[in-house]
Amino acid sequence: RTRRWRRRGVNPSSCLCPVLLCLCFLERCYEASHHGQAKIISRIHNATHNHNQTKDGETEVHHRPKRGWIWNQFFVLEEHIGPDAQYVGKLHSNSDKGDGSVRYILSGEGAGSIFIINEVTGDIHATKSLDREKKSHYVLHAQAINLNTNKPLEPESEFIIKVQDINDNAPKFPDGPFVTSVPEMSEVGTSVFQVTATDADDPTYGNSARVVYSILHGQPYFSVDPKSGIIRTALADMDREAREHYSVVIQAKDMAGQVGGLSGSTTVNITLTDVNDNPPKFPQKNYQVFVPESAQVGKPVGKMKASDEDIGINAEIKYSILNPEGAGMFSISTDKDTREGVITLRKPLNYEKKKHYSLHIAAENTHLDPHFTYLGSFKDDATLKITVGDVDEPPVFSMDYYIMEVYENTRVGTEVGAVTARDPDSKNSPVRYFIEQREDKAVYFDIESISGVIRTTQLLDREDTPWHNITVMATEEDNPSLQSHVPVTVQVLDVNDNPPMINTEDEIIICESTRAGQVIQTITAVDKDDFANGKGFSFSFPGGIPANPNFTIKDNEDSTASIIARRRRFHRLTQELYELPVVVWDDGEPVLSSTSTLMLRVCSCQRGTRLKICQGEAFLSSAGLSTGALIAILLCVLILLAIVILFITLRRSKKEPLIISEEDIRENVVTYDDEGGGEEDTEAFDIIALRNPAAAEELKFRRDVRPECIRPWSSRRPARGRHSPSSLDIDEEMDIGEFIKQRVAEADQDTSVPPYDSLQTYAYEGQGSPAGSISSLGSAGAHSEVDYNSLDDWDPKFEKIAELYGEEVETASESTEKAESEKQT
């Protein structure tokens, strides 16, 4: 079978071979460039069967099909206008003999709605007007079917119908209108803005989408590049102050601007931005202002303004006063909101001294553009004349403040000083003076209303108030509403009217181990008067009383005095407090003195420390406990002690008997908790019998009980181990060994002793010694010249020895002093 696709206007019977060669070449080129794109293929088959048939006994024959016309697309014009459908093309197969046995079927995009086919002839028509900008091509499928067998003659083929473009879309500016700006005074050709138009037509087909730009409105100020659409300045020195806004209309035309092309336009609003090309200028060269002399310093007295055609920071102006005379009295600043020059008074005005001022004021821009310096100086000046007006002013004091002096304790009415004020006006009105009174303060001064003399109204005490601050007011007699004030400070001078005093609130501590000549305390005095009346103090004991035997006072001649002990050692138990009167006087005029009584307390001071703190006080202070806490601790200790005593008593009352069972005491261990008798055990027998065997026979006592008789040779039992050689007369020739044996025999035969074994120990020290006794007990009454003061510097364990020997030396010294005193008397 063979098939041929035909298009309108092609004769298949003419020039078949050359056309087939060309079409084969085009097919292969298209297949190489589109890689599998759907094609409409027409083939010419010379064989009646499309497959090889093999019969029994026959040789297998292979037939190669022949190809015919190959078309891959049709074209149809867009925007077709007409009553009839637009013819697109024709499909035809070689198998169609014209007998109506072939049916053509069309499917794909738009098949049946946009594109219809004549099933008999294969003619394709477009029933609707197409728009390439909406859809540029359609993909369809064609197939030829045998009506008799209802089977396809060929496989389904694909082809494309492309919509051919016409110039039916005008250029558009999608983002317009536009707003932009350019600085004023820009050079010609300065780029301002670029516009771009879009055309929906096919840019690859003809000139339908080729756009050129032109300016319709805005000449001669601006121009536009035809190809790029860049808008540039076309006129030099465009001044913003002359015209600020421009509206430029730009046109875009397709078909490269040829006749018949479509066009679109947009508007570009251009604003000229400001540059500093205009200097400030005063509207006039001379100004006048009236200022009263009562104008307050720091307050505005006038305003000036220079105009500047520029805007923003290019119009900012700085004002200044050029002449020194005006700059000394006035200042000028710029108001940021109004750009006015505000003139302020720097010093008070005085109509009587100067009535007119002339100010040369300059105004200049603060931000200069170097590109426009060729235009000249950006500065202007003007003259301001200020006239001072006369005002009735309040009185003026001769000084801004007054300082006066007066001695304390002066009589009431004493003159302290005077203030003066005058009327500054030409009429010179009389002035009256007053002192401003305050309800919360006492009145110590008064002023004479006419003369201004200030006098005291009370006695002044420097120690109470050394300085007084008052305010004096002056008014004009003709116009009392005009007032002025001045501060007056009065210093109260000192006189020697207070005696010096010694601080007697704190007690002076004396250590018991204080030595004669030792400094106990250094004292000083205080004086309420000024140092000029009490530079130095002197100290002594009051006159007319006997010399103090315990203490003396030494004036150190530096306003201090030292209290010195006259004797060695003080005893707190003998006398704890001492009163010491001391007189102190100053060297002022007149000389004043006072007598103070110092309290000296004797304490047993801690050794090894420089601070004189009593032991009890040191304990309390170191413990840091309050009285309530100490009482609570003592109560707890007492309660615990009572509990312990009660416990011991209960245990003793519940003592068990020595023999547990009375029936059988054999092989029993008897336990009991008897404590030792202490001194009862040692005094159960008389150890003196060892030293006097002769008397032992006469004194036989039971050794398990205390003897009831009193020894006739001593009223007090000596301490164990110590016996005076004169208390007993022991026979040196007595045989001590025989005596001990006798005592052992008596102990063995004595039936009054307990059934348990006892150990009796006897010792004999001997009598006398050729070397004599080395004990210090017998030398208490001997007088020695040895100085035992050095014992005070030994360790605390020698403290008791120092006290014993110190008492003897002190007793001897006191006896000697007493004898000498009686002798002198």
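The values are calculated or read from the model by the stated rules, or taken from the named source; none is laboratory data. Quick caveat, the model's predicted, so the values are computed rather than measured. Counting neighbours? That spans all protein chains shown, and the Cβs are built from the backbone with ideal geometry, glycine included. With ligands, DNA and RNA removed, areas are computed over all heavy atoms of the protein, side chains included. Shrake-Rupley method; radii C 1.70, N 1.55, O 1.52, S 1.80 Å.
So if I check each of THR574, THR552, THR597, which one is within 17 Å of GLU505 (Cα to Cα) and either among the β-branched types (Val, Ile, Thr) or not in a loop (DSSP other than H, G, I, E, B) (or both)?
Details: THR574 fails: within 17 Å of GLU505 (Cα to Cα); THR552 fails: within 17 Å of GLU505 (Cα to Cα).
Only one candidate passes the filter, namely THR597.
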Exercise. Which residue pairs have Cβ atoms under 8 Å apart, sit 6 or more places apart or on different chains, and have a first residue in the stretch 151-167 that is assigned to a loop (DSSP other than H, G, I, E, B) and a second that is open to solvent by 70 Å² or more (accessible area, probe 1.4 Å) and of a type in the set (Lys, Arg)?
Worked result: LEU153/ARG1; GLU154/ARG1
Problem set entry | Boolean, ASP225 is in contact with a strand residue (DSSP E or B) (Cβ under 8 Å, 6 or more places away or on another chain), acidic (Asp, Glu), open to solvent by 50 Å² or more (accessible area, probe 1.4 Å) and not assigned by the TED database to the domain that holds ALA315 | yes
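Name the residues in the stretch 445-493 that are acidic (Asp, Glu) and either within 19 Å of VAL431 (Cβ to Cβ) or touching a strand residue (DSSP E or B) at 6+ places or on another chain (Cβ under 8 Å) (or both), would you?
So the first thing to find is which residues in the stretch 445-493 are acidic (Asp, Glu), and the list is 446, 448, 461, 463-464, 476-478.
Listed by number, the residues that qualify are ASP446, GLU448, ASP461, GLU476, GLU477, ASP478.
For VAL488, indicate whether it is of a type in the set (A, V, I, L, M, F, W, C) and in contact with a His (Cβ under 9 Å, 6 or more places away or on another chain). First the steps, then the outcome.
On the way: of a type in the set (A, V, I, L, M, F, W, C): yes; in contact with a His (Cβ under 9 Å, 6 or more places away or on another chain): yes.
It is true that VAL488 is of a type in the set (A, V, I, L, M, F, W, C) and in contact with a His (Cβ under 9 Å, 6 or more places away or on another chain).
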Seminar exercise, completed: The condition from (1) open to solvent by 70 Å² or more (accessible area, probe 1.4 Å); (2) basic (Lys, Arg); (3) farther than 24 Å from ASN496 by Cβ that LYS535 misses is numbered (3)
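Residue under question is LYS134, and the condition is that it be outside any strand (DSSP E or B), without any contact (Cβ under 8 Å) to a residue 60 or more places away in the chain, over 60 Å from the mean Cα position of the chain (by Cα) and under 24 Å from GLY82 (Cα atoms); does it hold?
Values: outside any strand (DSSP E or B): yes; without any contact (Cβ under 8 Å) to a residue 60 or more places away in the chain: yes; over 60 Å from the mean Cα position of the chain (by Cα): yes; under 24 Å from GLY82 (Cα atoms): yes.
In short, yes.
Let's see how each residue does on (1) among the acidic types (Asp, Glu); (2) open to solvent by less than 20 Å² (accessible area, probe 1.4 Å):
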| site | (1), (2) |
| --- | --- |
| ASP237 | yes, no |
| ALA242 | no, no |
| ILE250 | no, yes |
| SER263 | no, no |
| VAL268 | no, yes |
| ASP274 | yes, no |
| PRO279 | no, no |
| VAL291 | no, yes |
Problem set entry | Within the stretch 460-476, tally of residues that are surrounded by fewer than 13 Cβ atoms within 10 Å (Cβ to Cβ) and more than 16 Å from THR489 (Cβ to Cβ) | 1
For this session: From (1) in contact with an Asp or Glu (Cβ under 9 Å, 6 or more places away or on another chain); (2) closer than 15 Å to GLY257 by Cα, pick out the condition that doesn't hold for ALA236.
Result: (2)
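Yes or no, residue by residue, for (1) farther than 26 Å from ASP168 by Cα; (2) touching a Leu at 6+ places or on another chain (Cβ under 8 Å); (3) at pLDDT 85 or above; (4) open to solvent by 50 Å² or more (accessible area, probe 1.4 Å):
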site	(1), (2), (3), (4)
TYR87	no, no, yes, yes
SER93	yes, yes, no, no
ILE105	yes, no, yes, yes
GLY110	no, yes, yes, no
ILE116	no, yes, yes, yes
ARG132	no, no, no, no
ILE145	yes, yes, yes, no
LYS151	yes, no, yes, yes
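Within the bounds of the stretch 330-353, is there any residue that is acidic (Asp, Glu) and within 20 Å of SER294 (Cβ to Cβ)?
From the stretch 330-353, those acidic (Asp, Glu) are 335, 337, 340, 352; that's our starting set.
Restricting the remaining residues to those that are within 20 Å of SER294 (Cβ to Cβ) gives 352.
There is at least one residue in the stretch 330-353 that is acidic (Asp, Glu) and within 20 Å of SER294 (Cβ to Cβ).
Please pick out the residue among GLU309, GLU364, GLU325 that is assigned to a loop (DSSP other than H, G, I, E, B) and open to solvent by 30 Å² or more (accessible area, probe 1.4 Å).
Details: GLU364 fails: assigned to a loop (DSSP other than H, G, I, E, B); GLU325 fails: assigned to a loop (DSSP other than H, G, I, E, B).
Going through GLU309, GLU364, GLU325 in turn, just one is assigned to a loop (DSSP other than H, G, I, E, B) and open to solvent by 30 Å² or more (accessible area, probe 1.4 Å): GLU309.
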For this session: Could you tell me whether any residue of the stretch 234-245 is assigned to a loop (DSSP other than H, G, I, E, B), touching a Leu at 6+ places or on another chain (Cβ under 6 Å) and of a type in the set (Asp, Glu)?
Result: yes
Problem set entry | Selection count, the stretch 168-192, where residues are under 58 Å from the mean Cα position of the chain (by Cα), part of a loop (DSSP other than H, G, I, E, B) and β-branched (Val, Ile, Thr) | 1
Exercise. Are any of the residues in the stretch 542-559 under 53 Å from the mean Cα position of the chain (by Cα) and either β-branched (Val, Ile, Thr) or surrounded by 14 or more Cβ atoms within 10 Å (Cβ to Cβ) (or both)?
Worked result: yes
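In the list ARG232, ARG210, which residue meets the criterion of being touching a helix residue (DSSP H, G or I) at 6+ places or on another chain (Cβ under 6 Å) and not aliphatic (A, V, I, L, M)? Give the derivation first.
Numbers: ARG232 fails: touching a helix residue (DSSP H, G or I) at 6+ places or on another chain (Cβ under 6 Å).
Going through ARG232, ARG210 in turn, the sole match is ARG210.
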Exercise. Does ASP446 meet the test of being open to solvent by 30 Å² or more (accessible area, probe 1.4 Å) and free of Cβ contacts under 8 Å to residues at least 12 places away in the same chain?
Worked result: yes
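Residue by residue, here is whether (1) within 26 Å of SER136 (Cβ to Cβ); (2) free of Cβ contacts under 8 Å to residues at least 12 places away in the same chain; (3) touching a strand residue (DSSP E or B) at 6+ places or on another chain (Cβ under 6 Å) holds:
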site	(1), (2), (3)
GLY82	yes, yes, no
GLN86	yes, no, yes
SER93	no, no, yes
ASP96	no, no, yes
GLY100	no, no, no
TYR104	yes, no, yes
GLY108	yes, no, yes
GLU119	no, no, yes
ASP123	yes, no, yes
Problem set entry | Meets criteria (touching a strand residue (DSSP E or B) at 6+ places or on another chain (Cβ under 6 Å), open to solvent by less than 50 Å² (accessible area, probe 1.4 Å) and over 29 Å from VAL391 (Cα atoms)) for TYR319 | yes
